[in-house]
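Student: A single structure is presented below for examination.
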């Protein structure tokens with residue numbers, strides 16, 4: 001029996017300089033569809049944020065816009081950060097595209113799906129900075145007379161939510177601490193939707209040991225993802241990975257907007273997620289925690305019923 005290779009599991013080969021070659025395209029990409037066609041409920045378009053950093057956003061809007069008294073109703077603005085353990089995927093991946101289309105259609109909302117540079121070529125906090133830039137970009141569009149029309153014509157700046165899945169939820173949480181002291185007017189971040197947030201730590205939890213051989217995200221793979229994403233010379237008790245450790249960052253946690261945390265009891269990280277909820281409550285953050293007894297990490301990426309359930313929970317939180 002050959003030893004388990006976490007690189008092979010992810011479809012990576014390791015290069016001598018510490019970078020990786022992504023051998024498998026695990027997520028086919030989808031082109032944006034800015035022009036409505038028969039049967040489409042959502043349109044999307046790509047906009048470059050920073051050509052030098054190669055960062056960009058894909059914006060989604062519903063084709064049927066609700067109206068009040070023949071005036072188009074303003075929709076919540078959802079800034080979305082995708083999954084992939086900091087090392088995989090982008091807003092044009094089929095899973096992210098479907099998820100954001102679903103959110104735009106069902107909530108309904110204007111969704112801004114932000115790209116960020118990937119590890120290990122770019123380690124944390126690069127991803128947080130790229131995400132922060134995306135939030136500032138949205139703010140600047142709203143303040144610019146010639147800004148992005150979908151945001152200006154249909155978005156409600158007073159109802160902005162940061163929504164992330166997996167590492168994207170980790171990013172949303174960290175960015176919300178950065179933006180707490182930033183003048184974002186007219187943008188107002190009302191809350192965070194954290195879907196199966198990615199956190200870790202040095203000391204093993206019960207769920208990490210119980211699901212160490214998980215088919216989707218086994219423990220050696222989770223460890224590898226963190227080793228590629230964290231700043232060099234740090235371990236999994238760094239606050240980027242384990243915000244539950246005591247430290248001055250807890251003063252910033254107290255500034256976080258209300259949070260929805262969604263999890264599944266078969267997720268290798270479920271114990272971390274529940275510790276995270278406890279930390280938020282202790283810091284005085286308003287939290288709604290929704291943990292399903294049945295389900296594994298990223299189940300909503302493969303099960304349409306779970307995907308709908310997660311978006312419906314998010315919808316109630318955003319519109320509630």
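Student: Name the residue that is surrounded by the fewest Cβ atoms within 10 Å (Cβ to Cβ), counting only residues in segment 257-273 that are in contact with a strand residue (DSSP E or B) (Cβ under 7 Å, 6 or more places away or on another chain) and not in a strand (DSSP E or B).
Tutor: 265
Student: Looking at 248, 243, 231, which is the one that is at pLDDT below 95 and farther than 28 Å from residue 104 by Cα?
Tutor: Only one candidate passes the filter, namely 248.
Student: Give the residues of segment 214-236 that are under 19 Å from residue 274 (Cβ atoms) and either touching a helix residue (DSSP H, G or I) at 6+ places or on another chain (Cβ under 7 Å) or surrounded by fewer than 15 Cβ atoms within 10 Å (Cβ to Cβ) (or both), sorted by residue number.
Tutor: 219, 236
Student: Of all residues in segment 49-68 being exposed (fewer than 12 other Cβ atoms within 10 Å of the Cβ) and at pLDDT 95 or above, which is nearest to residue 79 (Cα to Cα)?
Tutor: Within segment 49-68, the match that is nearest to residue 79 (Cα to Cα) is 54.
Student: Of all residues in segment 213-256, which are under 23 Å from residue 317 (Cβ atoms) and in a loop (DSSP other than H, G, I, E, B)?
Tutor: Narrowing segment 213-256 to residues under 23 Å from residue 317 (Cβ atoms): 243-244, 252-256.
Residues satisfying the conditions are 243, 244, 254, 255, 256.
Student: Among helices (runs of 4 or more DSSP H) lying entirely in segment 87-179, which contain 1 or more residues that are under 30 Å from residue 16 (Cα atoms), free of Cβ contacts under 8 Å to residues at least 24 places away in the same chain and touching a strand residue (DSSP E or B) at 6+ places or on another chain (Cβ under 9 Å)?
Tutor: Working: elements: 94-106, 126-143, 149-154, 167-179.
Helices (runs of 4 or more DSSP H) meeting the threshold: none at all.
Student: Which of the following residues is in contact with a helix residue (DSSP H, G or I) (Cβ under 7 Å, 6 or more places away or on another chain) and more than 19 Å from residue 191 (Cα to Cα): 120, 125?
Tutor: 120
The values are calculated or read from the model by the stated rules, or taken from the named source; none is laboratory data. It should be emphasised that the depicted structure is a prediction, and the values quoted were computed from it without experimental measurement. Glycine gets a Cβ as well: all are built from the backbone with ideal geometry, and neighbour counts include every protein chain shown.
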